[in-house]
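The values are calculated or read from the model by the stated rules, or taken from the named source; none is laboratory data. This is a predicted model, so every value here is computed, not measured. Here Cβ is always computed from backbone atoms with ideal geometry, including for glycine, and neighbour counts include all displayed protein chains. Protein only, heavy atoms only, side chains kept; ligands, DNA and RNA dropped before computing areas. Shrake-Rupley method; radii C 1.70, N 1.55, O 1.52, S 1.80 Å.
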Amino acid sequence: MSEGSKGSSLAFGQVVIGPPGSGKTTYCHGMQEFMGRLGRKVTVVNLDPANETMPYQCSVDIAELITLPDVMDSLKLGPNGGLIYCMEYLEANFDWLQEKLAAFKGHYYLFDCPGQVELYTHHDALKNIFAHLVKWNFRLAAVHLVDSHYCTDPGKFISVLCTSLSTMLHVELPHVNVLSKMDLIEQYGKLAFNLDYYTEVLDLSYLVDHLASDPFFRNYRRLNEKLVEVIEDYSLVSFVPLNVQDKQSMRQVMQAVDKANGYSFGEQEHRSLEALMSAAVGADFHFTSTLAVQERYVQSQDKAVEEEVMDL
């Protein structure tokens, strides 16, 4: 532990990560409002130098330090190279972030991070920034958002599983994987299996068999089998379904994250039997939430079939 962290109080928060378009900013906005109604003092920190429009109330903005357009113009870099430079610059100027966060002592922090996958799978800048925060007595959980429409394509879902596993191993924080935009999943087509198959990442051999029906993927069956073996050997990846518009869904995600970063048992949380039990049976809540989403999905599919029959 560093000298600066000795004697300082704990701070809890989430680092919201994931690929572009997965809903990170929308999640931060929704979680800020949801937690605010529960009485938590929430501070949102924008760490995305390319984020110009923020629907949430932003307390700390990396744009005060550096912006992606300025880096691209001055250094003649593309978007990916520019984002990497911005994160390295933030790491080199961590004292700026530390000073900004100190003004919100006692708050719960949401860090809205950039949407470049390489930053979470093998580049070290953000990982080092998170490590600095942990040394400064932050108790963080990584919330990794993945668009739920990938479930409708077995090949893409295997890719998502590999990316999620790589991110979990590289970031080195307590981790919650989230399938976002569950309210839109029926628009992307019918799922090959029940939703709990994807959230719990059950026997993936069925997914390989399903892929084999595609002439293109049939040629890569052996490769897919080996990728699936790696995922199952680690046995780390599972998902919590999320619909930001649904309060119960937001509650399930919040409970999963509170367990991951320890907030459920922190000094801010009442030590009541109800609070302890709700944390202890989080898996049951998660399962119930998945069933509810699955039921809505099946109902929408049945309605679509009825409409097709009527048209005939």
Next on the checklist: Cβ-Cβ distance below 6 Å, separation of 6 or more or different chains: which pairs start in the range 9-23 with a residue that is touching a residue at least 24 places away in the same chain (Cβ under 8 Å) and end on one that is among the polar types (S, T, N, Q)?
Outcome noted: L10/N137; F12/N261; S22/S180; G23/S180
Item to check | Subset of the range 88-106 that is part of a loop (DSSP other than H, G, I, E, B) and free of Cβ contacts under 8 Å to residues at least 60 places away in the same chain - its residue that is most open to solvent (accessible area, probe 1.4 Å) | outcome: A103
Item to check | Verdict on A131 being within 26 Å of R251 (Cβ to Cβ), of a type in the set (A, V, I, L, M, F, W, C) and modelled with pLDDT of 95 or more | outcome: no
Checklist entry - In the range 168-205, what residues are over 26 Å from M250 (Cβ atoms), modelled with pLDDT of 85 or more and not charged (D, E, K, R)? => result L169, H170, L204, S205
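Hey, among Q57, Q32, which residue is of a type in the set (S, T, N, Q) and touching a residue at least 60 places away in the same chain (Cβ under 8 Å)? Steps first, answer last, please.
Details: Q57 fails: touching a residue at least 60 places away in the same chain (Cβ under 8 Å).
Only one candidate qualifies: Q32.
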Checklist entry - If a residue has to be under 16 Å from F104 (Cβ atoms) and either without any contact (Cβ under 8 Å) to a residue 40 or more places away in the chain or in contact with an Asp or Glu (Cβ under 9 Å, 6 or more places away or on another chain) (or both) to count, how many in the range 40-54 make the cut? => result 5
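Among the residues of the range 220-233, is there at least one that is of a type in the set (A, V, I, L, M, F, W, C), modelled with pLDDT of 85 or more and open to solvent by less than 20 Å² (accessible area, probe 1.4 Å)? Spell out the reasoning first.
Initial filter on the range 220-233 (of a type in the set (A, V, I, L, M, F, W, C)): 223, 227-228, 230-231.
Now narrow it down to the ones that are modelled with pLDDT of 85 or more: 223, 227-228, 230-231.
Narrowing the set further to residues that are open to solvent by less than 20 Å² (accessible area, probe 1.4 Å) leaves 228, 231.
Yes - at least one qualifying residue is present in the range 220-233.
State all residues of the range 206-217 that are free of Cβ contacts under 8 Å to residues at least 12 places away in the same chain and open to solvent by 70 Å² or more (accessible area, probe 1.4 Å); if no residue qualifies, say none.
Taking the range 206-217 and keeping what is free of Cβ contacts under 8 Å to residues at least 12 places away in the same chain, we get 209, 212-213, 215-216.
Those that are free of Cβ contacts under 8 Å to residues at least 12 places away in the same chain and open to solvent by 70 Å² or more (accessible area, probe 1.4 Å): D209, S213, P215, F216.
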Item to check | All positions within the range 18-65 that are of a type in the set (G, A, S) and touching a His at 6+ places or on another chain (Cβ under 7 Å) | outcome: G18
Next on the checklist: Regarding the range 67-82, can at least one residue be identified that is under 22 Å from the mean Cα position of the chain (by Cα), open to solvent by 20 Å² or more (accessible area, probe 1.4 Å), β-branched (V, I, T) and more than 30 Å from G39 (Cα to Cα)?
Outcome noted: no
Next on the checklist: Testing D203 on (1) open to solvent by 50 Å² or more (accessible area, probe 1.4 Å); (2) assigned to a loop (DSSP other than H, G, I, E, B); (3) touching a residue at least 40 places away in the same chain (Cβ under 8 Å); (4) under 13 Å from I158 (Cα atoms), one condition comes back false. Which one is that?
Outcome noted: (3)
